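Okay, structure first, notes after.
The values are calculated or read from the model by the stated rules, or taken from the named source; none is laboratory data. This structure is a prediction, so every number in the text was calculated from the model and none was measured. Quick reminder, even Gly has a Cβ in these numbers, built from the backbone with ideal geometry, and neighbours come from all protein chains shown. Each accessible area value is taken on the protein alone, full model and side chains, heavy atoms only, with ligands, DNA and RNA left out. Shrake-Rupley method; radii C 1.70, N 1.55, O 1.52, S 1.80 Å.
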Amino acid sequence: MKGDPKHLGFSTRAIHAGQPPDPRTGAVAVPIYQTSTYVQQGLGQHQGYEYARVQNPTREALEQNVAELEGGVSGHAFASGMAAIASLMTLLEAGDHVVVSRNVYGGTFRYFTQVLERGKLSFSWVDSSDLDAVSGAMTAATRMVFIETPTNPVMDISDIGGAAEIAHARGALLVVDNTFLSPYLQRPIEHGADLVVHSTTKFLNGHSDSVGGAVVCARRQEADWLAFMQKSMGAILSPFDSFLVLRGIKTLGVRMQRHESNARAVVELLAAQPKVRRVLYPGLPDHPGHDVHRRQASGFGSMVTLEMGTYAAAKALLEGVEVYSLAESLGGVESLISHPATMTHASVPAERRALLGLTDSMVRLSVGIEDVEDLLADLDQALAKV
Ligand SMILES: Cc1ncc(COP(=O)(O)O)c(C=O)c1O
């Protein structure tokens, strides 16, 4: 592909952005530059590459690609989603305050409460689906609003544009963890976010064979700091993982379409099942965040949470499935089933989980892209054992 990809469709950009043919060989796939250093022609003379913690062409291709898809000025790839979050939190200084969605990923909760609070940041945990709660928590020291939408696993929806307005009125940054939807379905920068963070481990890579993270910046100021953090902290994504994620993103569009159509069929089946007390999915018209979600995203994704009523019913379902695999994580081609209270959110204390509505009888599905008939039949047979 030649020229600027800006006017092209999502999948065309996913396949081509940041990936001109290799100048030496014409290779269509970006090579894995598995090198730690680069020979310099003379003192102070090099080709823009000095040391691989700072610059690597495979990582750069991924970073340009993700930045293009999210509509930002720069992308920064990290060794994990948590490394991406840890690196972006260095934008803050001791004494700063953060307003954060009360139901963020358990690892983010653990990092904020057990690590950053020791480093003298303070946090207000709010129901960010309620904009009044967000604005009510802002203080003179607030420098960041950090949200996930939908939240994991309770599926609360937050209004990105509304949160951006509140943050910007106080000179704070809005960060959105967009892991659950991917830029194919939701692009927070278009709604005013300053930074978007991803666990690329999930939908972006999509094949459950790499752990990684990315931050996309809307402005140069934060971009320069994050590049400096890649150099200074060094929590960078390896060339091989960069290659895998770049390869995964090429099929993001078709995967997300299939993820979503499979999820809709699964939701329809489960919503009609008396053994399932409640289905939490933003695509259901009675979901409290349905309208807000529709305004800011082009689809509902494939994360589905079930309230089974009792722990025993949840356990029977979790252990009764045969096609779904009982595993942490999400966003891969294979369908996964998990128990948030003891798996992804085990680091959230029980009383806090109760406050969030995250019960021991909840089951989370990451609906994959297998044949939908098999996914439905598997749930049917597992529910028969509940
Ligand atoms: C929404 C969300 N953000 C961040 C992370 C952390 O990503 P990683 O596991 O790649 O460190 C996860 C992991 O499950 C997640 O679900």
Residues being closer than 21 Å to L131 by Cβ and touching a Phe, Trp or Tyr at 6+ places or on another chain (Cβ under 6 Å) - total across the stretch 274-304: 1
Restricting the stretch 185-197 to residues that are open to solvent by 10 Å² or more (accessible area, probe 1.4 Å) and part of a loop (DSSP other than H, G, I, E, B), which is nearest to V66 (Cα to Cα)? R187
Number of the exception - A214 against (1) buried (at least 16 other Cβ atoms within 10 Å of the Cβ); (2) in a loop (DSSP other than H, G, I, E, B): (2)
Pairs, first without any contact (Cβ under 8 Å) to a residue 60 or more places away in the chain in the stretch 363-386, second in a helix (DSSP H, G or I) and among the small types (G, A, S), C-beta under 6 Å, six or more apart: V363/A314
Would you check which residues across the stretch 300-329 are open to solvent by less than 10 Å² (accessible area, probe 1.4 Å) and either on the phi < 0 side of the Ramachandran plot or over 26 Å from the mean Cα position of the chain (by Cα) (or both) and list them? S302, M303, V304, T305, L306, M308, A314, L317, G320, Y324
Neighbours by Cβ (under 7 Å, 6+ apart or cross-chain): first from the stretch 343-355, under 19 Å from D156 (Cα atoms); second within 12 Å of the ligand (Cβ to nearest atom) and of a type in the set (A, V, I, L, M, F, W, C): V348/F109
Residue in the stretch 171-184 that is more than 12 Å from the ligand (Cβ to nearest atom), closer than 30 Å to E68 by Cβ and open to solvent by 40 Å² or more (accessible area, probe 1.4 Å) present: yes
Can you list the strands (runs of 3 or more DSSP E) found entirely within the stretch 56-152 that contain at least 1 residues being of a type in the set (G, A, S) and within 16 Å of the ligand (Cβ to nearest atom)? 74-78, 97-101
Inside the stretch 37-56, can you point out the residues that are touching a residue at least 40 places away in the same chain (Cβ under 8 Å) and within 20 Å of P20 (Cβ to Cβ)? N56
Restricting to the stretch 18-73, and then to whatever is of a type in the set (D, E) and closer than 19 Å to Q230 by Cβ, can you tell me which residue is least open to solvent (accessible area, probe 1.4 Å)? E70
In the list A167, A223, A227, which residue meets the criterion of being aliphatic (A, V, I, L, M), over 14 Å from the mean Cα position of the chain (by Cα) and surrounded by 24 or more Cβ atoms within 10 Å (Cβ to Cβ)? A167
Mind checking whether some residue in the stretch 347-355 is in contact with an Asp or Glu (Cβ under 6 Å, 6 or more places away or on another chain) and over 23 Å from T200 (Cβ atoms)? no
Counting only residues that are touching a Leu at 6+ places or on another chain (Cβ under 7 Å) and over 16 Å from R143 (Cβ atoms), which one in the stretch 101-125 is most open to solvent (accessible area, probe 1.4 Å)? R102
Single residue of A223, A164 found to be outside any loop (DSSP other than H, G, I, E, B) and more than 25 Å from A133 (Cβ to Cβ): A223
By residue number, the members of the stretch 188-215 that are closer than 19 Å to I85 by Cβ and away from the ligand (no atom under 14 Å from the Cβ) are I189, A193, D194
